[in-house]
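Written below as structure tokens is the structure these notes are about.
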Amino acid sequence: MIFKYIRGPTPGNLFCSRDSLVHLHVGMDQMGWRLPPRTKPFWWLYYIWSLTTTLITFVYLPYGLTMTGIKKMSSFTTSDLFTYVQTPVNANAAMMKGIAVLLMRKRFSRALEILDQMDNRCTKMQEKMQVHRSVALCNIIVIIYYCVYFSYLTLAVIGALLIGKSPFYLYNPLVDPEEHFYLTTLIETIALSGLILSNLVLDVYPIVYVFTLRTHLGLLDQRVKNLRRDPDNNEDQNYAELLDCVKDHKMIVEFGNSIRPMISATMFIQLLSVGLLLGLAAVSLQFFNTAMERIVSAFYAFAILFQTFPFCFVCEQLNGDCESLTNTLFHSEWIGAERRYKTTMLYFIHNVQQSITFTAGGLFPISLNTNLKMAKFAFSVVTIVKEMDLVEKLKRE
């Protein structure tokens, strides 16, 4: 299963665009976010599982982490405090992102329908192989996210076992962590696995969808280059090919519109939280005494960067693809065409000039520049702590 969808292309056994979501859908199925129709046998078991994971991830974890701060803040050491503070921030951000996606999850089905329609336009073997390579790369990206996110969890648990402290300080009224340390660690590991998996799905789905969008935009660019270059075609056939390209662009825009509201909501929350999380991770490094604690904190900071930077990079590339399509269309073989062809070409150029962009909360564009500005907030957090001499004060206390 893991390696099936990352293999190279072989004629006669090629992937379609929706296969790029296979590993992403595995994570969504594990979280219970893809509810089956009630006509399937034992559908109610999956509904119970979905309700259980939702309650644990989006209700118990934010509540439990908040209660930890209320009840045990006075007993925290400085390193315990900074380890604790990062987790509820991430948990509450994941809760808000998850709710936003769950409320709009029907858009995923619509996006898949459009992907199938776009695949129908891929009639040449070269186009099908390009889609196959895109699918394999998307699944590799999801696997990399699994490795990065769950490596942090593994390091955090190993570090907790070596130090003898609860890894995430999750409030549990039924189990005393001092008397049942290993049971507490197991419960927290299982609970935080749900949080990390939900974060993984919420962070990687925009990359997979927009990367697939870029693939079909690239295929459209190749079709535009070939317009009016076949000497065997007459003007009616050339015009029909142009109309097909206009329809392809319309489908690509519709695909972007179908996922834009979800991406806008989740990235707005994520970009706002990434600066604070990076700042807390940077400050916490100054308090940890053991090498294991520092390694875990550094890996956590690396995982935070994975939440925003890759998608901002993909959006930056998407802007370049839109500009490239505009230039390709303008420099295509339209000179000498009949009037209706030129009229449609002008209409097409006008539409293509309106780039497919994604914004965070409808307020600011998602780009590398935006990600950099939000990451700079981390330095602001470190500067504030340094100016207040908070490190030395907390160490003395």
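The values are calculated or read from the model by the stated rules, or taken from the named source; none is laboratory data. Please read all numbers here as calculations on a predicted model, not as lab measurements. Quick reminder, even Gly has a Cβ in these numbers, built from the backbone with ideal geometry, and neighbours come from all protein chains shown. Ligands, DNA and RNA are excluded from the accessible area calculation, which covers all protein heavy atoms including side chains. Shrake-Rupley method; radii C 1.70, N 1.55, O 1.52, S 1.80 Å.
Laid out as a table, the results:
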{"quantity": "In the range 226-238, residue farthest from F330 (Cα to Cα) [restricted to those that are touching a residue at least 24 places away in the same chain (Cβ under 8 Å) and either in contact with a helix residue (DSSP H, G or I) (Cβ under 6 Å, 6 or more places away or on another chain) or surrounded by 14 or more Cβ atoms within 10 Å (Cβ to Cβ) (or both)]", "calculated": "N238"}
{"quantity": "In the range 118-151, the residues that are touching a residue at least 40 places away in the same chain (Cβ under 8 Å) and not in a helix (DSSP H, G or I)", "calculated": "R121, C122"}
{"quantity": "Looking only at the range 146-162, and only at residues there that are over 27 Å from the mean Cα position of the chain (by Cα) and open to solvent by less than 70 Å² (accessible area, probe 1.4 Å), the one that is farthest from K71 (Cα to Cα)", "calculated": "G159"}
{"quantity": "Helices (runs of 4 or more DSSP H) (entirely within the range 303-393) containing at least 1 residues that are modelled with pLDDT under 85 and under 30 Å from L200 (Cβ atoms)", "calculated": "368-387"}
{"quantity": "Given (1) in a helix (DSSP H, G or I); (2) hydrophobic (A, V, I, L, M, F, W, C); (3) in contact (Cβ under 8 Å) with a residue 40 or more places away in the chain; (4) farther than 23 Å from I196 by Cα, number of the condition L14 does not satisfy", "calculated": "(1)"}
{"quantity": "Options V85, V89, V22, V101: the member that is at pLDDT 90 or above and open to solvent by less than 50 Å² (accessible area, probe 1.4 Å)", "calculated": "V22"}
{"quantity": "Residue that is over 30 Å from I356 (Cα atoms) and surrounded by 14 or more Cβ atoms within 10 Å (Cβ to Cβ), where the choices are S198, S166", "calculated": "S166"}
{"quantity": "Check on L115, open to solvent by 10 Å² or more (accessible area, probe 1.4 Å), of a type in the set (A, V, I, L, M, F, W, C), in a helix (DSSP H, G or I) and at pLDDT 80 or above", "calculated": "no"}
{"quantity": "Pair list, Cβ under 8 Å, 6 or more apart: the range 239-263 residue farther than 29 Å from M96 by Cβ, other residue surrounded by fewer than 18 Cβ atoms within 10 Å (Cβ to Cβ) and of a type in the set (V, I, T)", "calculated": "Y239/T344; L242/T344; L243/T344; V246/T344"}
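This table checks each residue for (1) of a type outside the set (A, V, I, L, M); (2) open to solvent by less than 40 Å² (accessible area, probe 1.4 Å); (3) within 30 Å of N199 (Cβ to Cβ).
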| position | (1), (2), (3) |
| --- | --- |
| Y300 | yes, yes, yes |
| L305 | no, no, yes |
| P310 | yes, yes, yes |
| E316 | yes, no, yes |
| E338 | yes, no, no |
| T343 | yes, no, no |
| L346 | no, no, no |
| I349 | no, yes, no |
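A quick yes/no check of all residues on (1) without any contact (Cβ under 8 Å) to a residue 12 or more places away in the chain; (2) touching a strand residue (DSSP E or B) at 6+ places or on another chain (Cβ under 8 Å); (3) outside any helix (DSSP H, G or I):
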residue	(1), (2), (3)
Q30	no, no, no
W33	no, no, yes
L45	yes, no, no
S50	no, no, no
I70	yes, no, no
